[in-house]
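What follows is calculated from the coordinates using simple rules that are stated; it is not laboratory data. Quantities reported herein were computed from a predicted structural model and do not represent experimental measurements. Cβ sites come from the backbone with ideal geometry, for glycine too, and all protein chains shown count toward neighbours.
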Amino acid sequence: IKPINERLREIKGCKMVIDVIKTQFPQLKKVIQFVCGNGLVCETVEEARHIAFNGPERRKDLMKTLRKEADLKQIQTLVQGTHTRLKYSQSELEIIKKKHLAAFYQEQSQLQSELLNIESQCTMLSEGIKERQRRIEEFEGKIHKVEDDIFQHFCEEIGVENIREFENRHVKRQQEIDQKRLEFEKQNTRLNVQLEYSRNQLKKKLNKINTLKETIQKGSEDIDNLKKAEENCLKIVDELMEKRQQLKDMVVTQNTNTEKVQAQIEEERKKFLTVDREVGKWQKKVVILQTSLEQKRLEKHNMLLDCKVQDIEIILLLGSLDDIIEVELGPEAESTQATMDIYEKEEAIEIDYSSLREDLKALESDKEIEAHLKLLRQQVASREDVLLRTAAPNLRAPENLKTVRDKFQEYTDENPEEPYLEGISYNCVAPGKRFMPMDNLSGGEKCVAALALLFAVSSYIKEQTQEQFQMIIISLKEELYCKADALIGIYPEHDDCMFSRVLTLDLSQYPDTEDRESSRRPARTQNAPVL
């Protein structure tokens, strides 16, 4: 059994069901608590709706739901911002890759191509030097051969192998050697300078290549760092998605609990509405019975008063007709204290029905009484016909009969359940509106409806209204002119000061037909109101 929420007892305008239901058995209290729970009972439907939808408990649940929705929106915003930052980081990474790496790769390929060109040039220069040395050696060989051929006899005479040996032994040989050496040294120096320049250029290119490699290495490290940051962001996004899923599960659970509570509330509300409908039906029945009882009391009072006024003798067991107050009550009479006093005095009067026939005593329901009354009316009508056909009628009989009929018509019962079957009812439908009772019409509509009824009565008894009744209507409606006997128009006129003038028109000289309605409209000056 769930515990009772004690805070619900502090809510005004309602009570808990367990506090309303009283029992002497303690075992049933837990049963009532299990069945009713935290249910509340209100006096009116409006209070129940107010407490159900605008009460403090409802507001607390709504505040919890709103807080959870706000947290969920905040997490969604954070996830969206993380996605946006990740997107921008990826775009920046792509831009760096496209912008710097391509330039680095292009410069590296250019330097490599230049290095290959320099190496090829060095190879070509080395081959040129070798080729020159080979040619020099060939020329020297040819020179030596020619010298040997020329100085062969001389060398044989001096006892040397060749002339060169002889030359080497002399200064000339040394000078030539020095000159050749100098030339070779110059050539060697020039080649060394050129080689050193090429080496310096190659060293610069290699340094530039190393710098580019370091830049590429740094870019690779930056890429690795960005990848690590991307992995961290993805981990954070996964964690946020897990939290979001948990919050969604919590929201679904809360919605499920809310739907269960709402279903229970709806079921209790349906039960309450069913009970309320039953109470309404019984209240309607009670009102109908009270109305019928009030009508019967009114009829009894008027009948007894009629008997007292007309000196009709009634056999009474208790009371006297002198106790009846000579005040005629109509159907619209209000239930005042004086009326209740009249009814209490008349309740003490008891009529002796022993003189009635047995068939009249057997009548119980209103329908049987109405049927018998209808039969009596038919008998009265037939006897009236017989009286009218008699040779010497009573001259005062029609007047008395008319009086009886009028009294009978006044005392005729009206049907409160189906008023359209009996009595007289007057209703009016305003143009452009649906049907409504007279009480729901506005003041102007009621006034126009009353005028329409008066005009109808005036058309029916026109001669009497012309002699005994006069009416003045202030209106600008031209449709009212057809029912008027005369028109009076008032209009302003300006001279030294503003004053009014009056125009009159006798409409009795014109025929009362709808086709000539336009001929009955008088010529009026501008802005002249008509009476």
Report task. Determine, for each peptide in 28-36, 113-121, the mean count of other beta carbons within 10 angstrom over its residues, then list the peptides with the highest first. Result -> 28-36, 113-121
Requested in this report: Please order L289, L40 by the number of other Cβ within 10 Å, starting at the fewest.
Outcome: L289, L40
Query raised in the report: What are the extents of the Cα atoms of segment 136-260 along their three principal axes, listed from largest to smallest and rounded to whole Å?
Result: 141, 22, 16
Query - Distant-in-sequence amide H partners of V160 (H built 1.01 Å from N, under 5 Å) - result: none
Report task. Quick one: which residues, 5 or more positions from I351 or on another chain, have an amide H under 5 Å from its amide H? H modelled 1.01 Å from N in the peptide plane, none for Pro or chain starts. Result -> L317
Report task. Give, in nm to one decimal, the length gained when the segment between T253 and Q509 is fully stretched (0.36 nm per residue of separation minus the Cα-Cα distance). Result -> 83.3 nm
Requested in this report: May I ask you to list the lysines whose Cα is less than 27 Å away from that of K145, ignoring any residue fewer than eight positions away on the same chain?
Outcome: K130, K172, K180
Requested in this report: Would you mind computing, in nm to one decimal, how far apart the modelled labels at F53 and D485 are, each placed 7 Å from Cα along Cα→Cβ?
Outcome: 6.0
